[in-house]
1. Pairs please, first residue from the stretch 230-243 and assigned by TED's automatic domain parsing to the domain that holds Thr268, second anywhere and surrounded by fewer than 17 Cβ atoms within 10 Å (Cβ to Cβ) and assigned to a loop (DSSP other than H, G, I, E, B), Cβ atoms under 8 Å, 6+ apart in sequence or on different chains.
2. Would it be correct to say that Thr273 is within 21 Å of the chain's Cα centre (by Cα), assigned to a loop (DSSP other than H, G, I, E, B), at pLDDT 95 or above and of a type outside the set (Phe, Trp, Tyr)?
3. Quick test of your reading of the structure: Val88 fulfils all but one of (1) assigned by TED's automatic domain parsing to the domain that holds His260; (2) in contact (Cβ under 8 Å) with a residue 12 or more places away in the chain. Name the failing condition by number.
4. Search the stretch 165-218 for residues being part of a loop (DSSP other than H, G, I, E, B) and over 16 Å from the mean Cα position of the chain (by Cα), and hand back the single one that is surrounded by the most Cβ atoms within 10 Å (Cβ to Cβ).
5. Please return the ranges of helices (runs of 4 or more DSSP H) entirely within the stretch 1-97 where 3 or more residues are surrounded by 15 or more Cβ atoms within 10 Å (Cβ to Cβ) and under 20 Å from the mean Cα position of the chain (by Cα).
6. Across the stretch 135-144, which residue is farthest from Leu97 (Cα to Cα) among those that are of a type outside the set (Ser, Thr, Tyr) and surrounded by fewer than 22 Cβ atoms within 10 Å (Cβ to Cβ)?
Amino acid sequence: MEERTLRSPDDLAEAGLIEPERIGVLEAVAARYAVAITPEIRSLIDTGNPLDPIAKQFVPNETELDIASGETADPIGDERHSPVEGIVHRYSDRVLLKLTHLCAVYCRFCFRRETVGPGEGQMLSATALNEIWEVIVTGGDPFILSPRRLAEVTARLSAIGHVKVLRWHTRVPIVDPARVSSKLVRAIARRSPTTYVAVHVNHPRELSVDARRACAKLIDTGIPLISQSVLLRGVNDDADTLEALMRALVETRIKPYYLHHADLAPGTGTFRTTIAEGQALLRELRARASGLCQPHYVLDIPGGHAKANLMACDLDGEPGSYRLRDSKGTWHHYR
């Protein structure tokens, strides 16, 4: 029998990922935040380990209903910079194009968790803004769309003369590698504009044999891969795991790009480290590993004020009372 994606607390209990007595309370979580665990991710979860870092990322937990002070439905300020539905124009030379609200899996720490999930639909229009050099295609996860739809979007964006880079953000090569077919690769591959794929991966075990093969299909076609990771308590917040993750990415021919400090999304407090802990980990990583293994440690300033580099002069103050500097040089208080 073909394995299927787990989408409800009943499914999770049947698969042995939660105790049956937790079904009731987790139904309240699932009613608010979407649940989906693909067969690939299910195969990576160690059910004998109650602290398994793969399970922590995808199996819902009662703590998601605990909303802490400062957490918000739009923690990085997408709405403030959205001139039309599906477009976020935060930086002058690039836009985010959200093609869909759907994902192959739903991460429990997602900063868009209030807007992604079944029933949210697709947004397949594009806006041509004359100053745009790069289009970042995101969602949801654009790679859940059919190759035909991806090819249509690629063709329309490629026809805009001032767009020189298309960057696709996806978790699919990691969580559903079989979906990365030759048709999908052909649908997005372009030499002009230049195509990049940013792959979201947080733990070295996520880079399974099948995931590495899926990434290789893209890379061998000439598409450069970069990574996005989130620093997550209980997942990758120790030097050994973070080092192993960055080395595994480089060995897979994926350049570590961003390590995000976890955003202030509702119900995600159990995932967040302190900034000081993150800085200490990055200093240890720099001492241990090649320059190829060093990501940018960044935090999206709440309210939509761009990213701050947490290992550079964009950060001032001390634990508990920081200031973050945005791309315009303006300082913002961050607790």
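The values are calculated or read from the model by the stated rules, or taken from the named source; none is laboratory data. Please read these numbers as outputs of a predicted model, since none were measured by experiment. Methodologically, a virtual Cβ is constructed for each residue, glycine included, from the backbone with ideal geometry; neighbour enumeration extends over all protein chains shown.
1. Gly234/Leu51
2. Values: within 21 Å of the chain's Cα centre (by Cα): yes; assigned to a loop (DSSP other than H, G, I, E, B): yes; at pLDDT 95 or above: yes; of a type outside the set (Phe, Trp, Tyr): yes.
Yes.
3. Only one criterion in (1) assigned by TED's automatic domain parsing to the domain that holds His260; (2) in contact (Cβ under 8 Å) with a residue 12 or more places away in the chain is unmet by Val88, namely (2).
4. Applying the first criterion (part of a loop (DSSP other than H, G, I, E, B)) to the stretch 165-218 yields 171, 176, 180-181, 189-193, 201-203, 207-208.
Those left that are additionally over 16 Å from the mean Cα position of the chain (by Cα): 180-181, 189-193, 208.
On the way: Val180: 23, Ser181: 12, Ala189: 15, Arg190: 16, Arg191: 8, Ser192: 10, Pro193: 20, Ser208: 16.
By that ranking, first place goes to Val180.
5. Working: elements: 9-14, 23-32, 39-44, 53-58.
Those helices (runs of 4 or more DSSP H) span 39-44, 53-58.
6. Pass one, the stretch 135-144, residues of a type outside the set (Ser, Thr, Tyr): 135-137, 139-144.
Now restrict to residues that are surrounded by fewer than 22 Cβ atoms within 10 Å (Cβ to Cβ): 136, 144.
Working: Ile136: 6, Ile144: 15 Å.
Once the filter is applied, the top-ranked residue is Ile144.
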